[in-house]
Each structure stands twice: as structure tokens, then as C-alpha cells.
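This report concerns only the one structure given below.
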Amino acid sequence: PTVGPETMIASIQNGVDNGERIEKFSGAGHFVPGVSYVNGLIEKPGVIFVRSAHMTSFGEMNGSLTPRIEQLVKSFHHAGIDVESRTDMQSFLWEKFVAICGVGGAEILARQSMGPVLATPETKDLLVGLLQEVVVVAHGVGANLSPELPDQLVEFASNNVPPTHRSSMFLDLLEEKRLEVESLNGTVVRLGREQGVDTPLNFAV
């Protein structure tokens, strides 16, 4: 078999339910969650242009630093790839999820890049509302996120994100490609329903 007793399946795909999806096929105990901040595009088949790349992180969802995480990090370092281990992976995973659901969702609904979204009161409120809904759902699954996170993300975007920024999901929409919306905002809606939490803005996305 391809997957043995000690096999790790590390995923840095966007989303918070990758482990659930993967372990339906691999069995329990193999999934290792990861988070990576990389901005890139496919220039042509087999050629990926990386605009910017920041730290990639791995960790256990229960917050423990296990031998397998240490082994995984060492393997990446041996290959010359800079990664780190974290003991707050659940919250870290959800922080990125909040951001990409909010930013991607607002840009898609507004059909605008981040500059006009932030400059227009109605779409800025939309962005904040999307972020707030995801934070509430995150709290429902036990992720320790600050209630101030939506405002912090909007402030960060206002000061650091270029006005021409387009999320990968918005770019996919413009290029008529398949969207991640079901795995992102759709997951917010699904988890919200399970918790009895209304998520009308994410549903609209």
C-alpha cells in the first residue's frame, strides 16, 4: 500500500477541513496540517512564477509538538526549504482561512480589486461582515481567535496590500476557472448551519 502506518500526509492547501477529506481515504492519524503564504501564478504549463513567499508552517491540531512534526520540519530543512513548527496550528490555520474567505469573497461579490473594496464604504462593510462571520464560526469549533481579528485584517490590508491586489479566487473568476468557493465560503456556511450560526454574507458568495 502507498500509505503505511507511519506515513504522514501533509497538506498546505487552503481550507480548514482538509484533514477530514483526506482521512476519508487514508484512514485516521495520517493528516498533518500546514499553512503557507505564497503568492504566485502559472505563467505556462510547468512554469510557476512566485511573486512572494513567506514562512510555511506545520503542526498538530491539538497543539502538541510531536516527533513526526519535528521529523517533517527537519526533512524540509535538509532539502533547503524553510519551514517551521507551530503549537497553535488550529488558530493559525483559521486565521488564514478568515482572511482568504473575507478578501476573496468581498472581491468576488464587488468584482473589484482590494483598493476599490476598501475605498467604498459599502464594500468595506461587506469585507468586515464576511470576516466577522468566519470568526464566529471559528470560535464554534474551538479556534482561539481574537474578536478584533476582522478589524486588524482590514487595517493590515489598508496599510500593506496594494490597491491592485486580486485574490486567487477573484483571478480564477475573471479567467473563468473553477473556484475554491465551496471549500472556503461554502465551508463557513456548512459549519455555521451545524452550529446554528447565520452566515448570510458567506452564503451570498
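What the table below lists for this structure:
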{"read-out": "Rounded FRET efficiency, nearest 0.05, which uses the C-beta distance separating residue 178 from residue 25 and R0 of 22 Å", "value": "0.60"}
{"read-out": "Per-residue [θ]222 nm for the chain (sum of -39500 (n - 2.57) over DSSP H runs n ≥ 4, rounded to 500)", "value": "-15500 deg cm²/dmol"}
{"read-out": "Normalised convex hull volume, the stretch 62-103, alpha-carbon set, Å³ per residue", "value": "71 Å³"}
{"read-out": "Diffusion coefficient, µm² s⁻¹, Stokes-Einstein with Kirkwood Rh over alpha-carbon pairs of the stretch 9-85 at 4 °C and 1.567 mPa s", "value": "94 µm²/s"}
{"read-out": "Amide hydrogen neighbours beyond the local backbone of residue 165, cut-off 5 Å, H modeled", "value": "114, 115"}
{"read-out": "GNM flexibility winner over the chain from 106, 119, 138 (Cα, springs under 10 Å)", "value": "119"}
{"read-out": "The chain, relative contact order in percent, only Cα pairs under 8 angstrom and at least six apart counted", "value": "16 percent"}
{"read-out": "Calculated on alpha-carbon atoms, Rg and Dmax of the stretch 131-205 in Å", "value": "13.9, 37"}
{"read-out": "Rg/Rg_globular for the stretch 74-171, with Rg_globular taken as 2.2 N^0.38 Å and Rg from C-alpha atoms", "value": "1.22"}
{"read-out": "Helix 121-140 vs. the chain, principal-axis angle (Cα, 0 to 90°, nearest 10)", "value": "30 degrees"}
{"read-out": "Full-stretch length increase - residue 6, residue 84 - with 0.36 nm per residue and alpha-carbon distance subtracted", "value": "26.0 nm"}
{"read-out": "Rel. contact order, % - alpha carbon contacts under 8 angstrom, at least six apart, the stretch 90-204", "value": "34 percent"}
{"read-out": "Distant-in-sequence amide H partners of residue 56 (H built 1.01 Å from N, under 5 Å)", "value": "84"}
{"read-out": "Under 5 Å, built H, 5+ apart or other chain: amide partners of residue 31", "value": "9"}
{"read-out": "Prolate/oblate/rounded label for the chain (Cα gyration tensor, a/c 1.5)", "value": "prolate"}
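We did not get these values from a lab; they are worked out from the coordinates using the rules stated. Note that the structure is predicted; figures quoted are calculated from it, not measured. Here the Cβ is made from the backbone with ideal geometry for all residues, glycine too, and neighbour counts use every protein chain on show.
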